[in-house]
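Read through the structure below, which is laid out as structure tokens, and then see the notes.
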Amino acid sequence: MAKEIRTTDRGRRDNRSDNRKRELFSKAADGQALLPGLIISRFGQQADVIADDGRHFRCHLRQHLKTAAVGDRVEWYEDSESSAVVVNVLPRHSQLERPNPYEGIKVIAANVDHLIVVVAPAPIMSEVLLDRYLVAGETTGIPVTIVLNKIDLLDAAARANLEQRLQLYRALGYPVFPISTHAGTGIAALREHMKDGCSVIVGQSGVGKSSLINALLPQAKQDVGAISDGSELGQHTTSASRMHFLPEGGQLIDSPGTREFGLWHLDREQINRGFRDVHAIAARCKFRNCAHEKEPGCAVRLAVESGELAATRWQSYQSILADKI
Ligand SMILES: Nc1nc2c(ncn2[C@@H]2O[C@H](COP(=O)(O)OP(=O)(O)OP(=O)(O)O)[C@@H](O)[C@H]2O)c(=O)[nH]1
Ligand SMILES: [Mg+2]
Ligand SMILES: [Zn+2]
């Protein structure tokens, strides 16, 4: 089972302290084998790791690995019969984070490939809120997928209206999946989409995120319809983040931290990058630092007038910039 001992330096270790390197070398000198693995659950100073041979281990995390998150590829070793230790987190290709008032940035999930933003006609389908999630999503660099849930509530006219509103997002390059977790509609297509890679589901309260997780993973048994006001957040902080394996392939990370995703303050730079359409058109503004307000030669305002830029997107942009929501 033991893999070759690694004594070479690579990736992130480069900028770690000499102490850290000495520690690794001494570990190797002890004859301990460092094994590759994946964090599938994380709580306190511990993590559940699945080894590449499929065995599960509850591991302690070395002190300096506080930011290790579900989805991280790690190196670990068996300390004794009953104990294992993660000593190294390998470089990530993406991460989902949220600001934490006490500890700075907190990583919610690592190596995520799909950020799934759920919207629904009830409680309300709001472009401003969707755009806000898209801005937050764009800043992670993780490709965003839009899921329109509860289509069972729509008659033909309402359905056509929502499809038309979402056509704008398809044109911007975001895949849109209309589904109903109640009727089971569209779930198979979404599964197919999520098959390669690791997904995280985010969205406003009540859109059906827990219902969707249950539809994708019948054994998940998430609370549905549970009120998630501020008072509930406290209780959730103790529950662990967890990676689930989807039956048809792909993984799903479910973390209490995703509740707050996208709801933090966004700065102007993030907002500019987060609106793909505005960002592309702004390249044609006369002034490079154009605020698209009253500047002469503003291509963005011109695009709003000509209809090239959708009015709803422009309203969202201004409203998010003014931090009105
Ligand atoms: N009509 C209909 N209702 C749905 C559908 N999916 C979920 N719901 C209902 O929407 C409500 C909220 O669903 P949840 O799955 O708890 O929503 P959530 O996004 O997890 O909400 P929070 O945990 O508060 O963030 C529940 O009453 C569900 O039964 C659907 O496809 N159609
Ligand atoms: Mg829920
Ligand atoms: Zn401009």
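The values are calculated or read from the model by the stated rules, or taken from the named source; none is laboratory data. Remember, it's a predicted structure, so these values are computed and weren't measured experimentally. With ideal geometry, Cβ positions are generated from the backbone for all residues, glycine too; neighbour counts draw on all protein chains shown. SASA here: full protein model, heavy atoms, side chains in, ligands and nucleic acids out. Shrake-Rupley method; radii C 1.70, N 1.55, O 1.52, S 1.80 Å.
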### Query
Extent of segment 94-154 along each principal axis, from alpha carbon coordinates, in Å, largest to smallest?
43, 25, 16
### Query
With θ set to phi - 60° and the Karplus curve 6.51 cos²θ - 1.76 cosθ + 1.60, what are the ³J(HN,Hα) couplings of segment 69-79 in order, to the nearest whole Hz, using x for Gly and Pro?
9, 4, x, 6, 7, 9, 10, 9, 9, 7, 6
### Query
In deg cm²/dmol and to the nearest 500, what is the mean residue ellipticity at 222 nm of the chain if only DSSP H runs of at least 4 residues count, each as -39500 (n - 2.57), divided by the residue total?
-9000 deg cm²/dmol
### Task
Would you work out which of 171, 257, 186 lies farthest towards the positive end of the dipole of segment 96-260, given +1 charges on the beta-carbon of Lys and Arg and -1 on that of Asp and Glu, about the Cα centre?
186
### Message
With a 10 Å cut-off between alpha carbons and a GNM built on the chain, which of 315, 45, 219 moves the most?
### Response
219
#### Entry: Zone of residue 289's modelled label, taken as backbone nitrogen in segment 253-281 under 18 Å from a point 7 Å along Cα→Cβ
267-273
### Summary
If R0 = 30 Å, then residue 159 and residue 264, at their Cβ-Cβ distance, give a FRET efficiency to the nearest 0.05 of 0.35
### Summary
Taking placed amide H atoms and a strict 5 Å upper bound, the residues 5 or more places from residue 185 or on another chain that come that close are 180
### Task
Give the Rg/Rh ratio for the chain, taking Rg as the radius of gyration of the Cα atoms and Rh as the Kirkwood radius, to two decimals.
1.03
### Query
Where does each of 85-96, 303-314 land if you order them by average Cβ count within 10 Å, highest first?
85-96, 303-314
### Query
Just how much of residue 319 is accessible, in Å², when a 1.4 Å probe is used and the result is rounded to the nearest 10?
20 Å²
### Query
Mind checking the dipole of the chain: about its Cα centre, +1 per Lys or Arg Cβ, -1 per Asp or Glu Cβ, Debye to the nearest 20?
600 debye
### Query
When DSSP beta bridges are limited to those with both residues in the chain, what percentage is antiparallel, rounded to the nearest 5?
65 percent
### Task
Let me know the volume per residue of the alpha-carbon convex hull for segment 82-200, in Å³.
175 Å³
### Cysteines not pairable in the chain (beta carbon separation under 4.7 Å absent)
59, 198, 298
#### Entry: Other-chain or far-sequence residues with amide H under 5 Å of residue 203's (modelled H)
118
#### Entry: Integer Hz, Karplus 6.51/-1.76/1.60 couplings in order for segment 89-102, x for Gly and Pro
10, 7, x, 9, 8, 6, 8, 9, 9, 9, x, 10, x, 9
### Summary
Taking N as the residue count of segment 268-321, its alpha carbon Rg divided by 2.2 N^0.38 Å gives 0.99
### Task
Pull up all non-local amide H partners of residue 59: gap of 5 or more, or a different chain, and H-to-H distance under 5 Å with H placed in the peptide plane.
47, 48, 49
### Message
Spelling out what I want: for every residue of segment 290-295, take phi, set θ = phi - 60°, compute 6.51 cos²θ - 1.76 cosθ + 1.60 (Karplus), and round to whole Hz; glycine and proline get x.
### Response
4, 8, 6, 9, 10, 5
### Query
Quick one: helix 127-140 against the long Cα principal axis of the chain, what's the angle to the nearest 10°, folded into 0 to 90?
40 degrees
